[in-house]
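K.L.:
Would you mind keeping the following structure in view while I ask a few things?
None of the figures in this text is laboratory data; all of them are computed from the coordinates on show. Only a predicted model underlies this, so the values are computations on that prediction, with no experimental measurement involved. Using ideal geometry, Cβ is built from the backbone for each residue, glycine included, and neighbour counts are taken over all protein chains shown.
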């Protein structure tokens, strides 16, 4: 039985899921620092094993970002990602009480936009905003 809870995983747990979904691994100290600076951290566990993860990062008042939503390949198509997003949005209530117009962004993986639209997310252009961009240091 899958349990979806607000919890910060270990760097080792995070990296196992990240590797499984094809995102590779980062040094444990970098992952630990990132997770410590996370506002909302949601884990999906199957009998004590991390099988899915998602988090929200940001300033806590004006801009927040859904980050690292991932589910191990062998657990995909079982509504675990849906459970993670629902739990993240449930946990967002405390931030919407601070600022009802807080912006919650996400960078959907290519082809996953329709999944996020199920929860009310829209493509930036649909919201009257420009395209999303990313800076890559050369």
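K.L.:
Hey, what did the stretch 10-138 get for relative contact order, percent, Cα under 8 Å, at least 6 apart? If you can, show how the numbers build up before the last one.
P.N.:
On the way: 153 pairs, mean separation 24.0, N = 129.
Over the stretch 10-138, the number comes to 19 percent.
K.L.:
For a footprinting-style exposure proxy, rank 68, 47 by other Cβ within 10 Å, fewest first.
P.N.:
Values: 68 21, 47 8.
Ordered by Cβ neighbours within 10 Å, fewest first: 47, 68.
K.L.:
Among 106, 89, 33, whose mean-square fluctuation peaks in a Gaussian network model of the chain (Cα, cutoff 10 Å)?
P.N.:
Taking springs between Cα atoms under 10 Å, the residue moving most is 33.
K.L.:
For the chain, what is the calculated [θ] at 222 nm in deg cm²/dmol (nearest 500), taking -39500 (n - 2.57) for each run of four or more DSSP H residues and dividing by its residue count? Don't skip to the end; give the middle numbers.
P.N.:
Details: 5 runs with 42 residues, N = 138.
The helix contribution divided over the chain gives -8500 deg cm²/dmol.
K.L.:
Test of understanding: ordering 18, 101, 41, 77 by Cβ neighbours within 10 Å, fewest first, what list do you get? Write down the numbers at each step before the final one.
P.N.:
On the way: 18 18, 101 6, 41 22, 77 9.
Least crowded to most crowded, the residues run 101, 77, 18, 41.
K.L.:
Separate question: Can you tell me the 0 to 90 degree angle between the C-alpha axis of helix 11-20 and the longest principal axis of the chain, rounded to 10?
P.N.:
Its long axis makes an angle of about 80 degrees.
K.L.:
Rounded to a whole number of µm²/s, how large is the Stokes-Einstein D of the stretch 2-108 at 37 °C and 0.692 mPa s, given Rh as the Kirkwood radius over C-alpha pairs?
P.N.:
On the way: Rh = 14.0 Å.
Translational D for this selection: 235 µm²/s.
K.L.:
Can you tell me which of 53, 75, 14 moves the most in a GNM of the chain? Springs connect C-alpha atoms under 10 Å apart.
P.N.:
Of the options given, 75 has the highest mean-square fluctuation.
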